[in-house]
Amino acid sequence: SKSLTDEENVKLFGKCNNPNGHGHNYKVIVTVRGEIDPVSGMVINLTDLKEYMQEAIMKPLDHKNLDKDVPYFAEVVSTTENVAVFIWENLKKLLPTGILYKVKVYETDQNVVVYKGEETI
């Protein structure tokens with residue numbers, strides 16, 4: 001985080017605080033919800049969903065240094081939580097309104113983030 005000192009970054013991020021960066025093989029699960037089309041039997045055509053995921057996830061993130069190659073992360077810390085928000089926001093722009101339910105991002109088998117968008121009270 002640019003807003004923290006080197007010592008604070010080491011304390012907060014541990015081994016993930018590598019000045020030369022480090023990589024992850026994220027796994028992403030997208031959940032949609034809505035009315036099931038009586039003809040297709042689907043909430044959304046899976047071919048369409050795959051194309052949306054390609055555009056919203058793979059194109060901007062695959063084989064990229066998040067901090068250097070993705071403009072969003074120039075000002076936002078590239079935590080898994082923020083990766084989930086980034087994916088949510090990208091998908092929300094492409095999918096029909098209200099259909100996106102959940103984005104689940106696996107950094108590792110034990111480190112998983114679930115994001116359902118901003119809730120209003």
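The values are calculated or read from the model by the stated rules, or taken from the named source; none is laboratory data. Note that the coordinates shown come from a computational prediction; the quantities given were computed from them, not determined experimentally. With ideal geometry, Cβ positions are generated from the backbone for all residues, glycine too; neighbour counts draw on all protein chains shown. In case anyone asks, the SASA skips ligands and DNA or RNA and just uses the protein heavy atoms, side chains included. Shrake-Rupley method; radii C 1.70, N 1.55, O 1.52, S 1.80 Å.
Taking the stated definitions as given, is GLU35 in a helix (DSSP H, G or I) and modelled with pLDDT of 95 or more? In short, no.
A search for C-beta distances below 7 Å between a residue of the stretch 93-118 that is under 27 Å from ASP37 (Cα atoms) and open to solvent by 60 Å² or more (accessible area, probe 1.4 Å) and any residue that is part of a helix (DSSP H, G or I) and at pLDDT 95 or above, counting only pairs 6+ apart in sequence or on different chains, returns LEU94/TYR52; LEU94/GLU55; LEU94/ALA56.
Could you tell me whether ALA84 is more than 15 Å from LEU49 (Cβ to Cβ) and either open to solvent by 40 Å² or more (accessible area, probe 1.4 Å) or out of contact with any strand residue (DSSP E or B) (no Cβ under 9 Å at 6 or more places or on another chain) (or both)?
So ALA84 fails the test.
All conditions in (1) under 21 Å from GLY117 (Cβ atoms); (2) free of Cβ contacts under 8 Å to residues at least 12 places away in the same chain; (3) part of a loop (DSSP other than H, G, I, E, B) hold for SER40, with the sole exception of (1). Out of the residues in the stretch 1-32 that are acidic (Asp, Glu) and exposed (fewer than 12 other Cβ atoms within 10 Å of the Cβ), which is modelled with the highest pLDDT? That would be GLU7. On inspection, LYS92 qualifies as over 30 Å from LEU4 (Cα atoms) and among the basic types (Lys, Arg). Restricting the first member to the stretch 47-59 and to residues that are closer than 23 Å to PRO71 by Cα and open to solvent by 50 Å² or more (accessible area, probe 1.4 Å), and the second to residues that are modelled with pLDDT of 95 or more and part of a helix (DSSP H, G or I), the beta-carbon pairs closer than 6 Å and six or more apart or on different chains are TYR52/LEU94.
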